Amino acid sequence: MDYNFKAIEKKWQDYWEKNKTFKTHDDLENPKKCYVLDMFPYPSGTGLHVGHPEGYTATDIYSRFKRMKGFNVLHPMGWDAFGLPAEQYAIQTGTHPAITTNKNCDTFRRQIKSLGLSYDWDREINTTDPKYFKWTQWIFIRLFNTWFDENLQKGRPVNELTIPDEIKSLGDKEVRKYIDSRRLAYYENAQVWYCSSCRIVCANEEVLNDGSHEKCGNQVEKKYLKQWMLRIPLYAERLLKGIDSLNWPEGIKEMQRNWIGRSTGAEVDFRIEGLDESLTVFTTRPDTLFGATYMVIAPEHHLVDKITTDSYRKQVEKYVKQSALKSDLDRTDLAKEKTGVFTGRYALNPVNNSRIPIWIADYVLTGYGTGAIMAVPAHDTRDFEFAEKFNLPIICIQDPDVSDAEQRARILEGNECWTEDGIYINSSDPVTGIDINGLNKEAGIEKITKWLESRNLGRAKVNYKLRDWLFSRQRYWGEPFPVVHWDDGEISVIDEKELPLELPALEKYIPGESGESPLANAGEWLNVVDANGRRGRRETNTMPQWAGSCWYYLRFIDPRNDQVIFDSEKEKYWMPVDLYIGGAEHAVLHLLYSRFWHKVLFDLGIVSTDEPYQRLFNQGMILAFAYENQTGAKVPADQVTEKNGKYYNTQTGEELKQIVAKMSKSLKNVVNPDDVTEKYGADSLRLYEMFMGPLDVMKPWDERNVKGVFNFISRTYRFFAETGNISTGEEDIEILKGLHRTIRKVEDDIENLKFNTAISEMMIFLNLVYKKGKVTKETARNFILILSAFAPHLGEELWQILGHDHSLAYEPWPEVNPEYLKVDIIEYPVSFNGKMRFKIELPAEMNKDDIEKAVLADARSEKWTGGSKPLKVVVVPGKIVNVVVKPS
RNA sequence: GCCCGGAUGGUGGAACGGUAGACACGCAGGACUUAAAAUCCUGUGGCCAUAAAGGCUGUGCGGGUUCAAGUCCCGCUCCGGGUACCA
């Protein structure tokens, strides 16, 4: 009667595969649908680690539960398989990335299948499959052919774009330019990070804080290269508003809001003395205009040349050059020490026409606002630091709301910066007529903005941190852009009938020098001639890895459709995703990009929902124990031995401290799920992943604890597989109560994704079963059904032993009978002054007064009341009694 | 710096403002066994104490609200993650 998990698990995995037990049918008539999605993995060469199955098990339990609750469940899996490692391997060995990729996918598929996850494998997709990326390219064409109508706050096809007559009159080329300037996808010179050692352009997230490339460690440099960009900021307001309606963790929602970074303020125009130009700044504090004592423009600002006077030109040019060379490392390292240079030029403050100097400094960024600021050192800490360093005037214009008299004096004298609220002083001008003295911040902002608008000197403005999205990579292993660059300068997308545009075979995958993609060597593939004999060259950049993952949830709906991206009736049925689980590291970028594409597709009528992911949950990272010595040096786990709860270095014998750290090769503490399934079985792995702790927190893997759930599974098997333990006749009332409480707890916990407590409840029930020694077949049935969501192999096996000849996957979830949840006797804890002293059993329906009487009548009360009347008695029916007595 | 999390026994962790430590690991003791493993049973926060009881104390630290605080509020400490001068 031993629990032979190897044979059992193999048997049922084969059964599910053979019978296609988890094939999802597009039963569009069934109103109960549930789309449960995992963030699909990048199939790396190292295979699965125990972090992957955490989320997969959670969604699997949820899916199995929903199926048993009568839902039509869509639960697919696929591969986000483009990526640099396969390409680098190709460079080294000449092996085509597709070969490496498919091999890795095979490993991942085998490993995932060995966990008994209930995916519909007929829907498996792979982002590198031309049949898939055909539609990624198709979406790109949509983005290219869409503009954003600010008035309707909606993306629309470019052929609905009205061309102003004055543009039309300038000819076709200008019309083309006008349209191109509105497209959601555009092609432009952009500053990118370039790694000369790998010869590739890197995404920001691949550049480490010290300015080195995360893959090779070499310093990256900045470079201007022609790039595809997507105008995601146009959707900033929609993306921001949409967040509110989502059932996502608050922290993630907040991170997205911060990333979008909406701020309200005003644009203000400053005339430049001696030039017929004005300098526009964005400020959130137009109310502090009277405190503006200088201006700063970014070194890359387009007016730098014009503004700089001859006598300062040399210094300025030197400074601009220097800051261009600076990596982010230098900028942050020197963050405390601000640098800058005077241009020799002055601007005029619109509120009082005072002359204020224009400086250049790299603490002002080109990419945000207008790339120029008005500096108000008295009320902005960065401006304050800069002004102190360069001895620029600091004028306090706000009497601060502060109680400390000394601090107030320092602020008024301009010796300390004040960024909070206060009452304006020195904020009026008889000539221009503006006066905000005596007002506070809110009123001041409003008044001065109105004044600026009425004089056409400025305007209220909303600004976002969100920037255009750099959407091209100089790599081979990505989706080719369906784009042709024509000799006459026109850029066009290819006809949809020509999709997919597949990658050409190459002999070598080495990128070109100066940052060109390997596709630049693609020979004939590159050349295109149109019907009129016009020559063109294909785009050599490829799309970033985000592209395929931005919309894969849509393809799962109809993955084999080669006519359309997906059937829209099916899309209407399945969308939105009801539950999406993955790591928090994708909190911002993947989810934001994906929402952006979805909204564009929604505007174009291609999808039926405004948001793709209704409910999101992030699993916490799984960590592992690691060891360090007195000096904090890490010792690889294979050089550590345990003795009486202490840890020692096997080489040196020194005592080590156990810490919790990320799993890493160097620490030798990576846990491979294959090893765990080999030793304890897939059901134990699944159960332990869930039992470790709450799904959303980080937790350390501790193999010793796998034994706990393994014991539980073995005990379950030993009990229910032994027919002698199954009784006939009436079920024991305690068993019934326990069973129904367990069903209720488990179903509630699954809905709330609290799998750890669901499992412990089942353990409690099993302990009760062992105590009683026998259960009825009905009880066994019900318990096996709820357990099967967690440990499906064991569930199926016991189900069969009970005499069933088909899978339990679609059996109805056991009904809770509320009769058995009722309690007639409550054991009230009785506390005196908040301290629990004794317990008393009272009928559940007893009212407050009677409870009070019963408690005070109890002999044990006298010890605490001293026989006198208590000051107060708090009775919470069903919960607790608290007697307040005079403290002795 | 800023933003977001977190801190509960030897360990992983439970706990609608209502009995702190469920469940599990580990450990200790017992049963079974020639013995061990496996299994089953019992105990297990700390301190004091006992014939049986019982008492004190305890959720990172310091205050507060409340009949009652791990939970709510204010002020810290430490740890983890994100971000980098966002005007």
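The values are calculated or read from the model by the stated rules, or taken from the named source; none is laboratory data. Source: prediction; values computed, not measured. Here the Cβ is made from the backbone with ideal geometry for all residues, glycine too, and neighbour counts use every protein chain on show. All accessible areas refer to the heavy atoms of the entire protein, side chains included, with ligands and DNA or RNA removed. Shrake-Rupley method; radii C 1.70, N 1.55, O 1.52, S 1.80 Å.
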* Structure fact -> Between the residues A:Ser323, A:Trp799, A:Leu736, the Cα farthest towards the positive end of the dipole of chain A, that dipole coming from +1 and -1 charges on the beta-carbon of Lys, Arg, Asp and Glu, is from A:Leu736
* Structure fact -> Non-local residues with an amide H under 5 Å from the amide H of A:Val884, with H modelled 1.01 Å from N and Pro and chain starts lacking one, are A:Asn833, A:Leu871, A:Lys872, A:Val873, A:Val874
* Amide H partners (placed H, <5 Å) of A:Trp79, local residues excluded -> A:Ile125, A:Asn126, A:Thr127
* Quick one: how many Å² of A:Lys872 are accessible to a 1.4 Å probe, rounded to 10? -> 120
* If only Cα atoms are counted, what is the Rg of chain A, and what is its Dmax, in Å? -> 34.1, 109
* To do: Rounded to the nearest 0.05, what FRET efficiency do A:Glu490 and A:Ser666 give with R0 = 60 Å and r taken as the Cβ-Cβ distance? Could you check?
  => 0.70
* Asked: Any idea which of A:Pro130, A:Tyr194, A:Pro164 is furthest toward the positive side of the dipole for region A:86-202, if Lys and Arg beta-carbons carry +1 and Asp and Glu beta-carbons -1?
  -> A:Pro130
* Asked: When the helices in chain A are scored as -39500 (n - 2.57) per DSSP H run of 4 or longer and the sum is shared across all residues, what 222 nm value do you end up with, to the nearest 500 deg cm²/dmol?
  -> -10500 deg cm²/dmol
* **Under Karplus coefficients 6.51, -1.76 and 1.60, residue-wise ³J(HN,Hα) of region A:875-882 in Hz, glycine/proline x** => 10, 10, x, x, 10, 7, 10, 10
* Residues whose placed amide H lies under 5 Å from that of A:Arg262, excluding near-sequence neighbours -> A:Lys465
* To do: Can you grab the distance from the C-alpha centre of region A:811-858 to the C-alpha centre of region A:633-702, Å, no decimals?
  => 44
* To do: Quick one: angle between helix A:777-788 and the longest Cα principal axis of chain A, in degrees between 0 and 90, rounded to 10, please.
  => 20
* Relative contact order (%) - criterion: Cα under 8 Å, at least six apart; region: region A:778-888 -> 21
* Structure fact -> Treating only Lys and Arg (+1) and Asp and Glu (-1) as charged, each at its beta carbon, one finds that chain A has a dipole about its Cα centre, in Debye to the nearest 20, of 1280
* Relative contact order of chain A, defined on C-alpha pairs under 8 angstrom at six or more residues apart (%) -> 13
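Considering only protein heavy atoms and a probe of 1.4 Å, how much of the accessible area of chain A is carbon and sulfur, as a whole percent?
49
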* Just checking chain A: which Cys have no other cysteine's beta-carbon under 4.7 Å? -> A:Cys34, A:Cys105, A:Cys202, A:Cys216, A:Cys396, A:Cys417, A:Cys550
* To do: Using the Karplus curve 6.51 cos²θ - 1.76 cosθ + 1.60 with θ = phi - 60°, work out ³J(HN,Hα) for each residue of region A:586-603 in order, rounded to whole Hz, and write x for Gly and Pro.
  => 9, 3, 9, 5, 3, 5, 6, 4, 5, 5, 4, 4, 4, 5, 4, 4, 5, 4
* **Helix A:250-260 axis, angle to chain A major axis (alpha carbon atoms, nearest 10°)** => 10
* For region A:711-807, what is the accessible area per residue in Å², given a 1.4 Å probe and the full set of protein chains? -> 39
* Taking the highest mean first, how do the peptides A:653-663, A:483-493, A:54-64 order by number of other beta carbon atoms within 10 angstrom per residue? -> A:54-64, A:483-493, A:653-663
* May I ask what percent, to the nearest 5, of DSSP beta bridges between residues of chain A are antiparallel? => 75
* Asked: Along region A:711-720, what does the Karplus equation 6.51 cos²θ - 1.76 cosθ + 1.60 (θ = phi - 60°) give for ³J(HN,Hα), rounded to whole Hz, x for Gly and Pro?
  -> 4, 4, 5, 5, 4, 4, 4, 4, 6, 7
* Give the angle, between 0 and 90 degrees and rounded to the nearest 10, that separates the Cα long axis of helix A:848-857 from the longest principal axis of the Cα atoms of chain A. => 60
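How would region A:823-884 be classified by its alpha-carbon gyration tensor: rounded, prolate or oblate, with rounded meaning a/c under 1.5 and the a/b versus b/c comparison settling the rest?
Prolate, since a/c reaches 1.5 and a/b exceeds b/c.
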* Asked: What percent does the relative contact order of region A:586-677 come to when contacts are Cα pairs within less than 8 Å and at least six residues apart?
  -> 23
* **Above-threshold pairs, the threshold being 19 Å between Cα atoms, out of A:Lys66/A:Lys774; A:Lys223/A:Lys321; A:Lys103/A:Lys497; A:Lys33/A:Lys241; A:Lys32/A:Lys737; A:Lys18/A:Lys777** => A:Lys66/A:Lys774; A:Lys103/A:Lys497; A:Lys33/A:Lys241; A:Lys32/A:Lys737; A:Lys18/A:Lys777
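What order, most packed first, do the peptides A:800-808, A:580-588, A:863-871 have when packing is the mean number of other Cβ atoms within 10 Å of each residue?
So the peptides A:800-808, A:580-588, A:863-871, ranked by packing, come out A:580-588, A:800-808, A:863-871.
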